[in-house]
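One structure is given here, and the rest of the page talks about it.
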Amino acid sequence: MNKLILLTLSLLAGTALSAQKTIDRIVGQVGDKIILQSEVESIYYQEASNGEVADDLRCYILQELVTQKLLLIQAEKDSVVVTDEQVEYELERRLRYYESLFGSRDKMEEFYGKTFQEMKEEFREDIRNILLSDQMKSNIAGDMTVSPSEVKDFFNNIPKDSLPYFDAEVEVAQLTIKPKPTAEQKAYAKQKAEEIHQRLVDGDSFDLLASLYSEDPGSKEDGGSLGCQTRGTFVPEFEAAAFKLQPDEISNVVATQFGYHIIKMDSRQGDKVCLRHILITPPVTNTNVTIATKKLDSIRTQIMAGNISFRDAAAKFSDDEYSKLVGGDMTNPQTGSSLFAIDEMDPELYYAIEKLKPGEVSAIVQFTDYDGSRGLRIVQLKSQSAPHVANLEDDYYRLQAAALNNKQQEALNEWVDQKIKSVYLRVDPIYDGCENMQELIRASYDLGRK
């Protein structure tokens, strides 16, 4: 069987964040799993948007999807589990990336004609399947390693005229501080939430008050709807109050890190609850920003004086719950690595580091978080590479990762070759010209002939 190409089965797989439309139909079946034409086409058009593509790209996309379905079948047999928290984190990470492409959540929602929450619900099952197949891949080949000699052999086997060219790339870390509301501002927000709660008790429409007063941009335009969720989706305080409710019941005011919520239970569906909420956040004024600026300036002064490292300061003081766990190191949402090409950075981040040298720390800059809130941060430029053709000296770790990926892919190919013999595979005749698919079909267990 031909070696599988490495496609990123992105958020587009299975649905359409793409503007490209297709009349959907089943084009493949792997055991009890189906493959839709929309799955193939959405990935194809995403790849095509990046430039010229190979004539047989659809053939290899279909092959990747067959592999994913095989992995899902095996994951079910092996009782592989991914948690709701993992799914929620991955949904947030991927949607944040698409949001950054549009510049704001409002622009993204306007373009697709769906709320942020609606998009999360639409892609939740796709993301769960992707995580399950990734976990199964890890079970098959995740403990592999490559030696320095294997890395060298891998590099030497790449034709010289095919060596990749790397644009300038950077690694960055951040330390963020969010302006915090005062006790008086919290009390004001709580009182406002209590007044709205009383109006609900008096019979006012929840949907109407949510659209008028809620400060959650992802749900207010849909009457505060959060969709149907399982336990582990929400912060503990919210979840504890929500799961005590009965259908059509409204909670008292609930305080969380985001502000003050009023929650309505629409219905229960098995282990899922369908909820609405109204969120009132404490107002943040210029005074709060000034206090946060002074705090961040003091931290920056300590870093610049050498009294504390940027890494330790980020771990101790940063308000970003994700990057602080790794000393402020930022992850490229497109690749999952620490490296950013310049055109992969959001403008606010690029402007913060464009005049820095490796090791230097930026001045305090404002930024917009994924939820639309404003914050302050300092950014450290950790490393910067010049554009160059791949070589072992400068790109060893990148080539090591590629060599490992290649080795794991070969192991996965062998696994597919074995598993396909015991699984029924049917492919639409429109792919009769795909030799790679014909190889799989010939190897598969055909229920009609065996």
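What FRET efficiency, computed as 1/(1 + (r/R0)^6) with R0 = 25 Å and r the Cβ-Cβ distance, is obtained for residue 200 and residue 331, rounded to the nearest 0.05? List each step's numbers first, then the result.
Details: r = 41 Å, r/R0 = 1.64.
Once the sixth-power term is evaluated, E becomes 0.05.
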note = Label model pair residue 208, residue 147: point-to-point distance (7 angstrom along the Cα→beta-carbon line) in nm is 7.6
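Among 180/294; 180/295; 186/220, which pairs are too far apart, with a Cα-Cα distance over 18 Å?
Working: 180/294 12 Å; 180/295 11 Å; 186/220 21 Å.
Flagged as over cut-off: 186/220.
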inquiry  = Which order do the peptides 259-271, 34-46, 326-338 come out in when sorted by mean C-beta neighbours inside 10 angstrom, highest first?
reply    = 34-46, 259-271, 326-338
ask   = Which links in 120/272; 114/190; 324/355 stretch past 22 Å when you go from one Cα to the other?
value = 114/190; 324/355
ask   = In whole Å, what is the distance between the alpha-carbon centres of region 311-369 and region 160-195?
value = 10
request  = Quote the relative contact order of region 183-280 in percent (integer), defining contacts as alpha-carbon pairs under 8 Å separated by 6+ residues.
outcome  = 31
note = With the charge dipole of the chain built from beta-carbon charges (+1 for Lys and Arg, -1 for Asp and Glu) about the Cα centre, the Cα from 101, 325, 376 projecting farthest to the positive end belongs to 325
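Using +1 on the beta carbon of Lys and Arg, -1 on that of Asp and Glu, and nothing else charged, what's the dipole of region 222-352 about the Cα centre, debye to 20?
On the way: 12 positive and 17 negative charges, 90 e Å.
So the magnitude is around 440 debye.
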task = Identify all lysines with a Cα-Cα distance to residue 160 below 25 Å; exclude those on the same chain that are fewer than 8 residues away in sequence.
result = 3, 152, 407
query = Most exposed first by the Cβ proxy, i.e. fewest other Cβ within 10 Å, how do 416, 201 rank?
reply = 201, 416
ask   = Taking the Cα centre of the chain as origin and charging only Cβ (+1 Lys, Arg; -1 Asp, Glu), how large is the dipole, in debye to the nearest 20?
value = 860
ask   = What residues have an amide H closer than 5 Å to that of residue 329, excluding those fewer than 5 places away on the same chain, when H is modeled at 1.01 Å from N in the peptide plane?
value = 174
inquiry  = Using amide H atoms built in the peptide plane, which far-off residues or other-chain residues are under 5 Å from residue 28 H to H?
reply    = 35, 428
task = For region 60-67, take each phi angle, set θ = phi - 60°, evaluate the Karplus expression 6.51 cos²θ - 1.76 cosθ + 1.60, and give the result in whole Hz per residue in order, putting x for glycine and proline.
result = 7, 5, 4, 5, 5, 5, 4, 4
request  = Set the Förster radius R0 to 25 Å, insert the Cβ-Cβ distance between residue 24 and residue 421 as r into 1/(1 + (r/R0)^6), and round the FRET efficiency to 0.05.
outcome  = 0.25
query = So what J values fall out for region 117-128 if you push phi through Karplus, 6.51 cos²θ - 1.76 cosθ + 1.60 with θ = phi - 60°, rounded to Hz, Gly and Pro as x?
reply = 5, 5, 5, 4, 5, 5, 9, 4, 5, 4, 5, 4
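What's the FRET efficiency of residue 252 with residue 391 using the Cβ-Cβ distance as r and R₀ = 51 Å, to the nearest 0.05? Walk me through the intermediate numbers first.
On the way: r = 64 Å, r/R0 = 1.25.
After rounding, the FRET efficiency stands at 0.20.
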inquiry  = What's the magnitude of the charge dipole for region 183-280 around its Cα centre, counting Lys and Arg as +1 and Asp and Glu as -1 at the beta-carbon? Answer in Debye, nearest 20.
reply    = 240
ask   = For region 81-91, what does the Karplus curve 6.51 cos²θ - 1.76 cosθ + 1.60, with θ = phi - 60°, yield as ³J(HN,Hα) per residue in whole Hz, taken in order and with x for Gly and Pro?
value = 10, 10, 7, 4, 5, 5, 5, 4, 4, 5, 4
The chain, relative contact order [Cα under 8 Å, separation at least 6], % = 22
note = The lysines whose Cα lies under 22 Å from the Cα of residue 33, excluding any fewer than 8 residues away in the same chain, are 69, 77, 137, 419, 421, 450
Aspartates and glutamates whose Cα lies under 15 Å from that of residue 178, excluding same-chain neighbours fewer than 8 positions away = 297, 319, 320, 321, 369, 371
ask   = For the chain, modelled as a Gaussian network with Cα springs under 10 Å, which listed residue fluctuates most, 95, 208, 275?
value = 208
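Provide the gained length on full extension for the span residue 104 to residue 285, in nm with one decimal, where the gain is 0.36 nm per separating residue minus the Cα-Cα distance.
On the way: separation 181, 0.36 × 181 = 65.16 nm, distance 2.15 nm.
My answer for the length gained is 63.0 nm.
All of the numbers you see were taken from the coordinates with simple rules; none came from a lab. Just so we're clear, the structure is a prediction, and the values are computed from it rather than from any experiment. Don't worry about glycine lacking a Cβ; one is built from the backbone with ideal geometry, like all the others, and counts go over all protein chains shown.
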